[in-house]
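The values are calculated or read from the model by the stated rules, or taken from the named source; none is laboratory data. Just so we're clear, the structure is a prediction, and the values are computed from it rather than from any experiment. Reconstructed Cβ throughout: ideal geometry from the backbone, glycine too, with neighbour counts over all protein chains shown. Please note that ligands, DNA and RNA were not included when accessible areas were found on the heavy atoms of the full protein model with its side chains. Shrake-Rupley method; radii C 1.70, N 1.55, O 1.52, S 1.80 Å.
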Amino acid sequence: MAQRDPALPEVRPFSKRDTNICKGVAILMMYVHHLFLTSDTKGMEQVVFWFLSESQLVFFANACKLCVVVFAFLTAYGTTLSYERKCSEEGIADWFAYSKRRYFSLMAGFWIVYADSQLISFFTERTRVSRYGEAPLMRWFYTILDALGLADAFDTPTYNATWWYMSLAVLLVFLMPPMIALMKRLGWSAVPIAVLLPRLCGWDMSTTMLRYLLVIVVGVLAAQYHLFERLLAWFQGLRCRAIFWCCFPVCVAAVGFLMWFIRQEGYASLLETPAVFLLCFAGYAYLSVIPVVKTVLAFLGKHSMNMFLTHTLIYMYWCNEFSYSFGYPELILLVLVADTLVISLLLEGERKLLSKGWAMLRTRLAMRS
């Protein structure tokens, strides 16, 4: 991994807390994107448009689709730092051992949500039969794929449409170690390769992995070269910092708007990466120093996985009328955040109980043997 330049002024590293702050922003963007995606979204007829018109709110919600790219970038960034901290060798056996640990860590929370949702489905209209079909054999096959987070990868039915991201997350778990090793050798030449190679080969850029390839590559390189820290150190060395602090938010907004506009023409991936990089840097340089804001966003980011897994179940499938009954977009968003935060806290409690029970069972089995 590229070493930190000792000539750079000392700045605090991009930490787990900064990652959670960025995740907190991303989960709020995801909620806005899903709640107000189109005029035909179920429940939109109850929304009161008082600050933004319907078309303006839908425009903003579509721009918030950038949230998925933020999560992909942070996954690549965080996995790179974790892998290079924990793995000193680059053999296939080491890659697999690391990926196996990451897979079970990722899926543990998902399996609890999945099991709970299947139990609750017996009391709702969204049953396993309605989602996976009436044929018993195929229903169990689809259930297993969905529980493994692979429904999107195999294009099979899923209980929750939002869980498509699990296929990308699982794929990244096993692809990140060799990608990190490759990035060490390629350096920044990996960026033009990621842009040009798939297009020159005529590959389908709409497939999930290729769709997010560029931002994943940049996420790995940003971690290996400490780009956030270097950029902040450079800005802190400017004589007129006020120019940066005033102009940078404008640049973030401008790139975000341009990214949304170009998305309409099919060139999204080329601008999503710099837009996400600037957004995450803004979280690191700006939001992390605002007392209340940083605490709230970091708390949301800490629970963002559970919130991501459960929010569609609440606002769309199980409690649609209740979720939109508050009328005003701000209240609808606030109530959904509160609902899913409470659910996340309950899920964490359930996870701790299960972990404690499993540990006790293993101890008793070991004593008997």
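So Ala161 fits all but one of (1) farther than 30 Å from Val11 by Cβ; (2) open to solvent by less than 30 Å² (accessible area, probe 1.4 Å); (3) modelled with pLDDT of 90 or more; what number is the exception?
Against the list (1) farther than 30 Å from Val11 by Cβ; (2) open to solvent by less than 30 Å² (accessible area, probe 1.4 Å); (3) modelled with pLDDT of 90 or more, Ala161 comes up short only on (2).
Just to check your reading of the model, which residue among Leu258, Leu238, Leu232 is crowded, with 18+ Cβ neighbours inside 10 Å and either more than 25 Å from Tyr114 (Cα to Cα) or at pLDDT 65 or above (or both)?
Leu232
From (1) open to solvent by 60 Å² or more (accessible area, probe 1.4 Å); (2) modelled with pLDDT under 95, pick out the condition that doesn't hold for Trp111.
Result: Trp111 fails condition (2) only.
When both residues are 6+ apart or on different chains and their Cβ atoms are under 9 Å apart, which pairs have a first residue that lies in segment 336-355 and is closer than 24 Å to Val32 by Cα and open to solvent by 30 Å² or more (accessible area, probe 1.4 Å), and a second that is assigned to a helix (DSSP H, G or I) and hydroxyl-bearing (Ser, Thr, Tyr)?
Within 9 Å, the pairs are Asp339/Thr310; Asp339/Tyr315; Asp339/Ser323; Ile343/Thr310.
Let's see how each residue does on (1) charged (D, E, K, R); (2) modelled with pLDDT of 95 or more; (3) not in a helix (DSSP H, G or I):
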| position | (1), (2), (3) |
| --- | --- |
| Val276 | no, no, no |
| Phe281 | no, no, no |
| Phe308 | no, yes, no |
| Thr312 | no, yes, no |
| Leu333 | no, yes, no |
| Asp339 | yes, yes, no |
| Val342 | no, yes, no |
| Lys352 | yes, no, no |
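Output the number of the condition that Ser325 fails; it satisfies all remaining conditions of (1) surrounded by fewer than 18 Cβ atoms within 10 Å (Cβ to Cβ); (2) more than 24 Å from Val48 (Cα to Cα).
(2)
Name the one entry in Lys100, Lys65 that is more than 19 Å from the chain's Cα centre (by Cα) and farther than 22 Å from Ala298 by Cβ.
From the options Lys100, Lys65, the qualifying one is Lys100.
Among the residues of segment 339-369, which ones are more than 24 Å from Trp164 (Cα to Cα) and either of a type in the set (A, V, I, L, M, F, W, C) or touching a Ser or Thr at 6+ places or on another chain (Cβ under 9 Å) (or both)?
Leu353, Leu354, Trp358, Ala359, Met360, Leu361, Leu365, Ala366, Met367
At pLDDT 95 or above and either of a type in the set (A, V, I, L, M) or within 19 Å of the chain's Cα centre (by Cα) (or both) - does that describe any residue in segment 317-324?
No - not one qualifying residue is present in segment 317-324.
Kindly provide the set of residues from segment 57-100 that are assigned to a helix (DSSP H, G or I), closer than 27 Å to Glu229 by Cβ and open to solvent by 80 Å² or more (accessible area, probe 1.4 Å), ordered by number.
Correct list: Arg85, Lys86.
Of all residues in segment 158-211 being touching a residue at least 60 places away in the same chain (Cβ under 8 Å) and assigned to a loop (DSSP other than H, G, I, E, B), which is farthest from Phe104 (Cα to Cα)?
Met205
Quick check on segment 124-143. Is at least one of its residues under 26 Å from the mean Cα position of the chain (by Cα), surrounded by 16 or more Cβ atoms within 10 Å (Cβ to Cβ) and within 29 Å of Phe96 (Cα to Cα)?
Yes: segment 124-143 contains one or more residues that are under 26 Å from the mean Cα position of the chain (by Cα), surrounded by 16 or more Cβ atoms within 10 Å (Cβ to Cβ) and within 29 Å of Phe96 (Cα to Cα).
Report yes if some residue within segment 195-205 is open to solvent by less than 50 Å² (accessible area, probe 1.4 Å), under 30 Å from Val170 (Cα atoms) and modelled with pLDDT of 80 or more; otherwise report no.
Within segment 195-205, one or more residues are open to solvent by less than 50 Å² (accessible area, probe 1.4 Å), under 30 Å from Val170 (Cα atoms) and modelled with pLDDT of 80 or more.
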